[in-house]
Amino acid sequence: MALLTVRNLALGYESHTIAEGISFTLNAGDYLCIVGENGSGKSTLMKTLLHLREPMGGEILTGDGLKRDEIGYLPQQTVVQKDFPASVREIVLSGCQGRCGLRPFYNREDKKRCEENMERMGITALANRCYRELSGGQQQRVLLARALCATQKLLLLDEPVSGLDPKVTNEMYRLIESLNKEGLTVIMISHDISAALQYATHILHIGSQIFFGTRQEYIESEAGQLFLAQQKGGEQA
Amino acid sequence: MSVFEKLSFYLQYPFVRYALIAGVLIALCSSLLGVTLVLKRFSFIGDGLSHVAFGAMSIAAVLNLTNNILIVMPVTIISAILLLRSGQNAKIKGDAAVAMISVTALAFGYLVMNLFSNSANLSGDVCSTLFGSVSILTLSITDVIVCVVLSIVVVIIFILFYNKIFSVTFDEDFAKATGTKADRYNLLIATVTAVVIVLSMNLVGSLLISALVIFPALSAMRLFRSFRAVTVSSVVISVVCAFSGILISILEGTPVGSTIVAVDAVVFILCSIAGFFMGGMKR
């Protein structure tokens, strides 16, 4: 059975529909990139997958014993976080909050998981530093470590490289790739179509046309060629 | 008479001791919540809610209720829930909603008092509700007990839910997505905020409450860089300011509420300067 199955999903706000007819299935270990123009509903799709927003129609099914709270999420940064006084360890540890339930404090297992994931992201040395004083790339690593505390299965990333310089962007992509190789299923929203085509196994294109398929199928599809041509034009202009 | 003799003379009176106990406890509770409210961009909720409480209080006064907390508390709690919930996706945005509700409640409160009050000293009543100038020194033993019990409850709730409050404040979407019942904790924060506000009305009155909520948190944020350190130090700052504020006002005969806020403001300036130099050394 697939890890995640989406059938005929419609997205929108109140009575206004942004996108409809989205269907795809995702198996464990897949790396899905969601591409599309601005405002096509990529972030809304992600929020719907996370149950932060009700779908207008269609259904989202989870399989392989994936529980609702076993999804890790790397959101886009909010204004609140920019000047939030919190140490790196406090933030990473808060990724374990979901599994606490009504238990008021973190136990030894949570703390161990936090240390492991900081190690994994190479931020152990920053553990006591203040989040707002870190560079953009370091902040993303912190949030990624937090997401890893929440999941071992499925990771949702909302534009993980926006605002990062090219070198850090590449490091970030490589980090995500290594997590995917370790067995995590990844869903990533990206503006960067070339990176999407380099790393993803599957592509979901939303916009005027909806497309879902493997990377190769996308390159050969009409939607893919149109979008690639557009992006290329945009880069040259 | 030296300052200490003067102090020990005043401290013989129970009402002075009551004021000190209640003042310190209220300062403690309000600063605990302050950090979260400031970070959630709800600095003004204290102001808004206290005006709602003022409106409710004047209605209670007109109805001649002996225990007006029975009306004031539920009305304020309901408004707090409505305001904090409206933060995310309401038609009227958070700050506008707070401003709207607060001026409306203030206007209606004063209107009702003017139309129906049979008190001889209307402007005195209004002034003391707004600035809390007298009421803190007229607390009865029952008031103090209520205050102590509620403060203990607030502190216990805060300690038990500390980690959850942190998660919900730092990143509500992430908390929700990973299975934390964020809405429930927002409701909790709103309710506790309302309780603390109604309590603090006695101390500084409804116009100056915001200061009690936001100043200690802001001062602490100049100096410290982790959530725990900010929370703990904002409590310490708030308690010290309230304590010294009340002492000064007793010794010098200044109004209690405004003296505490003045001390808070001075401490904030000192913390900003200290923070500037600490940051400068680091860079």
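The values are calculated or read from the model by the stated rules, or taken from the named source; none is laboratory data. Predicted model, so just to flag it, every value in this text is computed and none were measured. Don't worry about glycine lacking a Cβ; one is built from the backbone with ideal geometry, like all the others, and counts go over all protein chains shown.
Quick check on region B:196-217. Is at least one of its residues within 10 Å of chain A (Cβ to nearest Cβ), part of a helix (DSSP H, G or I), buried (at least 24 other Cβ atoms within 10 Å of the Cβ) and touching a strand residue (DSSP E or B) at 6+ places or on another chain (Cβ under 8 Å)? Looking for residues that are within 10 Å of chain A (Cβ to nearest Cβ), part of a helix (DSSP H, G or I), buried (at least 24 other Cβ atoms within 10 Å of the Cβ) and touching a strand residue (DSSP E or B) at 6+ places or on another chain (Cβ under 8 Å), one finds none in region B:196-217, hence no.
Taking B:Leu20, is it in contact (Cβ under 8 Å) with a residue 12 or more places away in the chain and closer than 18 Å to B:Gly245 by Cα?
yes
Of the residues screened, B:Lys181 is one that is of a type outside the set (A, V, I, L, M, F, W, C), surrounded by fewer than 19 Cβ atoms within 10 Å (Cβ to Cβ) and at pLDDT 80 or above. Here A:Leu66, A:Leu52 are screened, and the one residue that is part of a loop (DSSP other than H, G, I, E, B) and over 18 Å from B:Asp183 (Cα atoms) is A:Leu66. Residues in region B:1-10 that are more than 23 Å from B:Ser200 (Cβ to Cβ) and assigned to a helix (DSSP H, G or I): B:Val3, B:Phe4, B:Glu5, B:Lys6, B:Leu7, B:Ser8, B:Phe9. Across region A:111-146, which residue is surrounded by the fewest Cβ atoms within 10 Å (Cβ to Cβ) among those that are more than 14 Å from chain B (Cβ to nearest Cβ) and over 20 Å from A:Arg174 (Cα atoms)? Residue satisfying both the conditions and the ranking: A:Ala125. For region A:164-180, check the following and say yes or no: at least one residue is among the small types (Gly, Ala, Ser), away from chain B (no Cβ under 14 Å) and part of a loop (DSSP other than H, G, I, E, B). Scanning region A:164-180, I find no residue that is among the small types (Gly, Ala, Ser), away from chain B (no Cβ under 14 Å) and part of a loop (DSSP other than H, G, I, E, B), so the answer is no. Across region A:68-82, which residue is farthest from A:Cys149 (Cα to Cα) among those that are charged (D, E, K, R) and facing chain B (nearest Cβ under 8 Å)? This residue is A:Arg68.
On the given criteria, is B:Ile152 part of a helix (DSSP H, G or I) and away from chain A (no Cβ under 11 Å)? Working first, answer last.
Values: part of a helix (DSSP H, G or I): yes; away from chain A (no Cβ under 11 Å): yes.
Here the answer is yes, as B:Ile152 does meet what is asked.
A:Ile91 - would you say it is in contact with a helix residue (DSSP H, G or I) (Cβ under 8 Å, 6 or more places away or on another chain) and part of a strand (DSSP E or B)? In short, no.
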